Amino acid sequence: MKKAIWIVVGVIILIAAWFWTSYNSLVTANEGVDGQWAQVETQYQRRFDLIPNLVSSVQGAMEQERDVFSALAEARANYSGARSADEKAAAATQVEGAFGRLLAVMEAYPQLKSIEAVQTLMVQLEGTENRVSVERGRFNDAVRSYNVMIKRLPMNIVAGMYGYFERNYFEVTAGAENAPVVDLTPAS
């Protein structure tokens with residue numbers, strides 16, 4: 001009889017230990033995803049801090065391109081107002097589209113390439129874009145690891161019990177693969 005009680009107690013302790021470690025693994029993986037998203041946001045913030053400087057540097061030479069500057073300002077405002085990671089990712093993609101149009105317009109103005117401030121800012125933005133790309137990849141890797149963890153048996157039971165659900169990957173919006181179209185004909 002005492003032996004049976006000890007076996008039951010041992011099994012209960014093993015199950016409790018498994019739940020404990022499973023829960024802690026979920027917390028660690030979830031925080032890893034959140035931490036990686038914070039790295040993506042850090043790079044976005046760097047980009048958003050550099051863009052106004054670039055715009056200021058080229059705005060005088062490109063007075064007729066106000067719609068590009070307006071689109072950039074609106075996209076940055078949308079990012080600031082976004083609450084979830086998905087909303088921020090969509091807003092960041094909007095910034096990228098507007099920024100792509102700015103770069104296309106700048107290509108049409110060769111005199112801008114000779115301005116040292118523009119050159120410096122472009123180099124900094126190129127570096128930031130590379131960092132954003134790397135951090136997005138790392139974020140998606142963290143999401144993949146987390147999603148695999150919560151889908152596997154028996155971890156999916158613990159994940160469901162404690163409200164851990166699948167996280168979304170960072171995905172570009174439809175049409176992002178297309179180059180921006182810039183019309184340089186004067187408005188009538």
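The values are calculated or read from the model by the stated rules, or taken from the named source; none is laboratory data. Here the structure is a predicted model, which means the values were calculated and not measured. Counting neighbours? That spans all protein chains shown, and the Cβs are built from the backbone with ideal geometry, glycine included.
Is it true that some residue in region 148-158 is in contact with a Gly (Cβ under 9 Å, 6 or more places away or on another chain) and in a helix (DSSP H, G or I)? The answer is yes, given that some residue of region 148-158 is in contact with a Gly (Cβ under 9 Å, 6 or more places away or on another chain) and in a helix (DSSP H, G or I).
Considering each residue of region 97-107 in turn, none proves to be of a type outside the set (Asp, Glu), farther than 22 Å from Asp67 by Cβ and either modelled with pLDDT under 75 or in a loop (DSSP other than H, G, I, E, B) (or both). Screening Ala179 against (1) exposed (fewer than 14 other Cβ atoms within 10 Å of the Cβ); (2) modelled with pLDDT of 80 or more; (3) touching a helix residue (DSSP H, G or I) at 6+ places or on another chain (Cβ under 9 Å) leaves a single unmet condition, (2). Would you be able to say whether some residue in region 116-138 is at pLDDT 90 or above, surrounded by 12 or more Cβ atoms within 10 Å (Cβ to Cβ), part of a helix (DSSP H, G or I) and in contact with a helix residue (DSSP H, G or I) (Cβ under 7 Å, 6 or more places away or on another chain)? Yes, because at least one residue in region 116-138 is at pLDDT 90 or above, surrounded by 12 or more Cβ atoms within 10 Å (Cβ to Cβ), part of a helix (DSSP H, G or I) and in contact with a helix residue (DSSP H, G or I) (Cβ under 7 Å, 6 or more places away or on another chain).
Regarding Ala71, is this residue under 17 Å from Glu129 (Cα atoms), assigned to a helix (DSSP H, G or I) and in contact with a Gly (Cβ under 9 Å, 6 or more places away or on another chain)? Walk me through it before giving the result.
Values: under 17 Å from Glu129 (Cα atoms): no; assigned to a helix (DSSP H, G or I): yes; in contact with a Gly (Cβ under 9 Å, 6 or more places away or on another chain): yes.
So Ala71 fails the test.
Here is a check on your reading of the model: is Val118 within 20 Å of Asn53 (Cβ to Cβ) and in contact with a Ser or Thr (Cβ under 7 Å, 6 or more places away or on another chain)?
Details: within 20 Å of Asn53 (Cβ to Cβ): yes; in contact with a Ser or Thr (Cβ under 7 Å, 6 or more places away or on another chain): yes.
In short, yes.
Out of all the residues in region 159-174, which are part of a loop (DSSP other than H, G, I, E, B) and either over 21 Å from Ser84 (Cβ atoms) or in contact (Cβ under 8 Å) with a residue 60 or more places away in the chain (or both)? Matches in region 159-174: Tyr162, Tyr164, Arg167, Asn168, Phe170, Glu171, Val172, Thr173.
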